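The values are calculated or read from the model by the stated rules, or taken from the named source; none is laboratory data. Remember, it's a predicted structure, so these values are computed and weren't measured experimentally. Quick note on the areas: whole protein, heavy atoms, side chains included, nothing else; ligands and nucleic acids left out. Shrake-Rupley method; radii C 1.70, N 1.55, O 1.52, S 1.80 Å.
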Amino acid sequence: MCTGKCSTFIGVSLFPVSLVCVAANLMMFFPDGSREYLENAEEQITQEVRNLGGVIGGGLLVLFPAIHIIATGRMSCCSNRCGMLMSILLALVGIGGALFGFLMSIIGLLRGPVCQFDSSYFTDDLSKPSLVWGRPFSEELKTISNESYLLHRDIWNICVAPPNVVLFNVILFSIIMVATGAEIILCAIQTVNGLFGCICGTCQNEKSENRDKEKMIELP
């Protein structure tokens with residue numbers, strides 16, 4: 001596969017992956033499909049969701065490099081050594097954005113969601129339920145266990161609201177983590193591909209030169 005075709009493959013592949021990151025991040029603003037939690041987002045929406053790791057990191061900062069990477073694989077002004085050099089720089093931007101989204105998803109998974117829970121669960125006094133908003137799996141759970149909540153699905157029902165927020169959180173953050181991981185790999189491949197394109201030139205340039213030579217031969 002020549003450098004131009006490889007660029008096209010990578011650029012086209014980055015589009016759906018980045019859109020998945022954007023969609024997953026935006027969905028996390030609407031747990032239980034409700035907009036009511038946005039009214040008090042700072043207290044009821046997980047910080048890693050509000051950091052927009054999927055929208056900005058795995059989304060916009062990957063989409064823009066993808067557009068240029070595709071252009072380097074076509075018969076255009078970017079299909080040359082200079083265009084390949086620019087694709088390396090933009091691929092590094094994509095790696096940075098995807099890495100940001102990847103880290104946000106990991107932190108979000110480890111710390112667990114923001115939810116409404118019964119704080120008396122973590123005390124000896126169970127006679128007076130007290131519903132509060134917070135992150136029980138990153139804060140209060142440390143008082144009774146040193147293990148991650150991910151290993152104990154039986155305690156996920158600690159969260160009363162939003163309904164099924166723990167499963168919702170785990171699934172969407174996992175999707176972002178996998179998608180941004182794929183973006184990091186694709187952008188890393190493009191940096192190597194772009195380097196070869198800078199050194200050896202692109203197949204598109206060679207094809208264009210061959211066509212020009214054929215036209216000159218055909219002239220009477």
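Within segment 193-207, does at least one residue satisfy the condition of being under 28 Å from the mean Cα position of the chain (by Cα) and modelled with pLDDT of 85 or more?
Looking through segment 193-207, none of the residues is under 28 Å from the mean Cα position of the chain (by Cα) and modelled with pLDDT of 85 or more.
Need a quick list: helices (runs of 4 or more DSSP H) entirely within segment 30-132 having at least 2 residues that are open to solvent by less than 30 Å² (accessible area, probe 1.4 Å) and at pLDDT 90 or above.
It comes to 47-50, 61-72, 81-111.
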